[in-house]
Amino acid sequence: MPPASLPARPLDAIDRDILRLLQTDGRASVRSVAERVHVSRANAYARINRLIDDGVIRGFSARVNHERAGHGASAYITLKIVQNSWRTVREQLGALPGATHIALVSGDFDVLLLVHTPDNRTLRELVLTRLQSIPEVLSTRTLLVFEETDLNAGPGA
């Protein structure tokens with residue numbers, strides 16, 4: 001991954017099309033991508049590798065239906081934390097079972113955490129036992145997710 005100090009390289013229309021296609025289907029073949037953006041396979045391959053090398057593409061992963069995977073309870077949890085403790089808190093939050101997204105944010109709270117757990121009892125334990133025992137966490141607020149839509153999902157996802 002390139003150092004954060006490197007300036008972002010501007011993306012052209014073909015790069016943006018490649019990104020859109022790979023976000024929809026990360027398993028698309030280079031041949032398929034090349035055909036759909038109307039470039040040669042060698043050009044598509046070089047562009048995809050450049051996007052990876054430049055840190056634009058951070059990796060490829062599967063989109064999981066958490067409910068079908070046995071994690072029927074999801075929540076966004078907001079946290080207020082001790083000033084200047086972000087790096088310590090981030091490490092501890094990343095080790096929590098079911099944590100899938102952590103963001104340092106501005107506003108009424110400091111951190112936004114997305115978790116997926118098997119049920120509400122497990123969610124309750126995670127919040128009351130695990131999160132609130134972290135010394136740098138000053139307060140939490142839990143927002144239950146009733147339904148979610150993956151905006152990057154392709155057809156049939």
Determine, yes or no, whether SER139 is hydroxyl-bearing (Ser, Thr, Tyr), part of a strand (DSSP E or B) and exposed (fewer than 13 other Cβ atoms within 10 Å of the Cβ). yes
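I need the full set of residues from region 80-124 which are hydrophobic (A, V, I, L, M, F, W, C) and out of contact with any helix residue (DSSP H, G or I) (no Cβ under 9 Å at 6 or more places or on another chain), in order please.
Hits for region 80-124 are TRP86, VAL89, ALA95, ALA103, VAL105, PHE109, LEU112, LEU114, LEU123.
I'd like the full set of residues that are assigned to a helix (DSSP H, G or I) and open to solvent by 50 Å² or more (accessible area, probe 1.4 Å), limited to region 66-93. If you could, list the steps in order and put the result at the bottom.
As a first pass, look at region 66-93 and keep what is assigned to a helix (DSSP H, G or I): 86-93.
Scanning region 66-93 gives ARG87, THR88, ARG90, GLU91, GLN92.
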Could you run through region 111-127 and say how many residues are open to solvent by 50 Å² or more (accessible area, probe 1.4 Å) and touching an Asp or Glu at 6+ places or on another chain (Cβ under 9 Å)? 0
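For the structure I just gave you, tell me whether HIS71 is more than 30 Å from ASP15 (Cβ to Cβ) and touching a Pro at 6+ places or on another chain (Cβ under 8 Å). If you could, list the steps in order and put the result at the bottom.
Values: more than 30 Å from ASP15 (Cβ to Cβ): yes; touching a Pro at 6+ places or on another chain (Cβ under 8 Å): yes.
Spelling it out, HIS71 is indeed more than 30 Å from ASP15 (Cβ to Cβ) and touching a Pro at 6+ places or on another chain (Cβ under 8 Å).
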If I ask for residues that are without any contact (Cβ under 8 Å) to a residue 24 or more places away in the chain, under 25 Å from LEU151 (Cα atoms) and surrounded by 13 or more Cβ atoms within 10 Å (Cβ to Cβ), which ones from region 36-59 would you list? ARG36, VAL37, ILE52
Which ones in region 63-86 are at pLDDT 95 or above and among the basic types (Lys, Arg)? LYS80
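Working only within region 1-35, note down all residues that are surrounded by fewer than 11 Cβ atoms within 10 Å (Cβ to Cβ), of a type outside the set (D, E, K, R) and part of a loop (DSSP other than H, G, I, E, B).
Hits for region 1-35 are MET1, PRO3, ALA4, SER5, LEU6, PRO7, ALA8, PRO10.
The values are calculated or read from the model by the stated rules, or taken from the named source; none is laboratory data. Everything quoted here is computed from the prediction, not taken from an experiment. Here the Cβ is made from the backbone with ideal geometry for all residues, glycine too, and neighbour counts use every protein chain on show. The area values use the complete protein model at the heavy-atom level, side chains included, leaving out ligands, DNA and RNA. Shrake-Rupley method; radii C 1.70, N 1.55, O 1.52, S 1.80 Å.
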